[in-house]
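Below is one structure, written out as structure tokens; the observations come after it.
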Amino acid sequence: MDFTPNEIQAAVRDAARRYAQERLAPGARERDRNHAFPKDELREMAALGLMGVNVPESLGGAEAGTVAYSLAMTEIAAGCASTAVTMAVTNMCAELICRAGNEEQKKKYVPRLTSGEYVAGAFALSEPQAGSDPAAMATFAEKRGNRWVLNGAKQWITSGAYAGVMVVWARTSREPGAKGISCFLVEGGTKGLVVGKPESKMGLKASNTVPLTFEACEIPEENLLGNLGEGFKWAMVALDGGRIGIASQAIGIGRAALEAATAYAKERKAFGQPIGEFQAIRWKLADMKTELDAAQLLALRAAWLKENGRPFTREASMAKLFASEAANRAVAEAVQIHGGYGFVDEFPVERHYRDARVTTIYEGTSEIQRLVIAREILRAGG
Ligand code: CAA
């Protein structure tokens, strides 16, 4: 077993690290304070291949695979978690169109996402009354002539105000539950697509999260993505991959907090010595590092399975569950190590603490990950 990234994976990781440390990290606090969406930075990242890390070169992607994607996501998140979630959803969108789309759809939309012509993509699945249970969605798409007409409401849509294209799920028949759900490509600015007021969030303040309303929103019939009635399956397939991204993001946030706490522990003195000399602090650092490394191994295993065409649903959920919870423990300890300074926004751990929180919630809560893992265990018999 070889844990060394290959040449391409290392190159993608290093490019992401350089970009994150030189260009993203220095402005992260200001963007967070001002809720400033990083448009310029996202375009620069597209130029580095980061908006389609696992997308074929023929569609403008880097074609570097899911392991490279995971490594890059961790680096970007260590620099700016808000930018990382925007990148995650755009990659998820581009990959889904590559998987489910026909040739015209792929050629039309994927290069616009990977090149930065579209600053972001969005993934409109959740609704006000259907988050953990997306099969309960109510948004409806009705066929009228050669158009689909969408009516309904979506909630918590990352980049919803900026997306050039979004994948939108809607019911296309009266069948209950997961059956009869289809997915569609809706371009930003389409008449009848109403973008609501951005949410005022605890963290990830430089990412954009909005409710969307579809009010007789008409799209051409060719914008059905995948086959009619197969939308739910595509949502699950996309989320399996997306969960590797969020696990990797959580690891990046946790790592940034660990690095800040380590630097602080070496510099801050109490009782006549740096606090890093005290066992109380050393044990915290040791636990943070151990858990974050374990999380990374889980994420890389899931990424490797996906990259090699093996089943990875359970492993992606395990990675997302463990990484998001480990990251939350790490950021909490980082704040604790900083004492009072951890409670003010002069120090980055205050932001990491807030940014990490949502990782146990979006792309499936920890409770949903446990449900998925347990189902897979029972199915496989162990
Ligand atoms: N891959 C492929 N197909 C799958 C699948 C998978 N991983 N999981 C389920 N399916 C298929 C099933 O095989 C089934 O198909 P058949 O009827 O043909 O057999 C169909 O989908 C329905 O499956 P279930 O009966 O298992 O569905 P369910 O209603 O019980 O739900 C669930 C399962 C796992 C709980 C699912 O609802 C779920 O993942 N919930 C969480 C939703 C979520 O993560 N939302 C995140 C929003 S997006 C976001 O957060 C992005 C962002 O902005 C950051």
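The values are calculated or read from the model by the stated rules, or taken from the named source; none is laboratory data. These numbers come from a predicted model, not from an experiment. Neighbour counts run over all protein chains shown; Cβ positions are idealised from the backbone, glycine included. With ligands, DNA and RNA removed, areas are computed over all heavy atoms of the protein, side chains included. Shrake-Rupley method; radii C 1.70, N 1.55, O 1.52, S 1.80 Å.
Numbers at a glance
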{"quantity": "In Å, descending, principal axis extents of the Cα set of region 262-382", "calculated": "57, 24, 24"}
{"quantity": "Percentage, to the nearest whole number, of Cα pairs in region 119-183 over 19 Å apart", "calculated": "32 percent"}
{"quantity": "3J(HN,Hα) from dihedral phi, region 353-358, Karplus parametrisation 6.51/-1.76/1.60, rounded to Hz, x for glycine, proline", "calculated": "4, 6, 5, 5, 4, 6"}
{"quantity": "Descending semi-axes in Å of region 109-259, equivalent ellipsoid built from Cα gyration tensor", "calculated": "27, 17, 15"}
{"quantity": "Translational diffusion of region 182-313, µm² s⁻¹ [Kirkwood Rh, Cα pairs; Stokes-Einstein; 25 °C; 0.890 mPa s]", "calculated": "127 µm²/s"}
{"quantity": "Gaussian network model of the chain, springs between alpha carbon atoms under 10 Å - residue of 205, 320, 108 with greatest fluctuation", "calculated": "108"}
{"quantity": "Peptides ranked, highest mean first, by Cβ atoms within 10 Å: ranges 75-81, 40-46, 246-252, 111-117", "calculated": "246-252, 75-81, 111-117, 40-46"}
{"quantity": "Under Karplus coefficients 6.51, -1.76 and 1.60, residue-wise ³J(HN,Hα) of region 240-257 in Hz, glycine/proline x", "calculated": "4, x, x, 5, 5, x, 6, 4, 5, 4, 4, 4, x, 5, x, 5, 4, 5"}
{"quantity": "Two-site label geometry, residue 10 and residue 233: point separation in nm, points 7 Å out along Cα→Cβ", "calculated": "4.1 nm"}
{"quantity": "Potential lengthening between residue 146 and residue 2 on full extension [0.36 nm per residue; Cα-Cα distance subtracted]", "calculated": "46.5 nm"}
{"quantity": "Histogram of C-alpha separations across region 1-151, 10 Å bin width, %", "calculated": "11, 34, 31, 19, 5, 0"}
{"quantity": "Accessible area, probe 1.4 Å, largest first, for residues 204, 48, 378", "calculated": "378, 48, 204"}
{"quantity": "Region 220-318 - charge dipole about Cα centre, Lys and Arg +1 at Cβ, Asp and Glu -1, debye rounded to 20", "calculated": "520 debye"}
{"quantity": "Accessible heavy-atom area order of 315, 22, highest first, probe of 1.4 Å", "calculated": "22, 315"}
{"quantity": "Residue 215 paired with residue 271, simple spin-label distance in nm, labels 7 Å along Cα-to-beta-carbon", "calculated": "6.4 nm"}
{"quantity": "Order of exposure, largest accessible area first, which applies to 371, 298, 185 with probe 1.4 Å", "calculated": "371, 298, 185"}
{"quantity": "Gained length - residue 44 relative to residue 104, 0.36 nm times residue gap less alpha-carbon distance", "calculated": "19.0 nm"}
{"quantity": "The chain - Rg and Dmax from Cα coordinates, angstrom", "calculated": "20.7, 79"}
{"quantity": "Efficiency of FRET from Cβ geometry, residue 346 and residue 187, R₀ 41 Å, rounded to 0.05", "calculated": "0.45"}
{"quantity": "Amide proton proximity set for residue 122, modelled H, under 5 Å, gap of 5+", "calculated": "165, 166, 167"}
{"quantity": "From the C-alpha gyration tensor of region 246-292, square roots of 5λ in Å", "calculated": "24, 11, 5"}
{"quantity": "Debye intensity ratio I(q)/I(0), log10, region 171-241, q values 0.18 Å⁻¹ (C-alpha model)", "calculated": "-0.92"}
{"quantity": "Beta bridges by DSSP in the chain, antiparallel share as percent, to the nearest 5", "calculated": "85 percent"}
{"quantity": "Angstrom value of the Kirkwood radius, inverse mean 1/r, which spans all Cα pairs in region 64-141", "calculated": "14.2 Å"}
{"quantity": "Cα centroid separation - region 297-372 against region 65-89, whole Å", "calculated": "13 Å"}
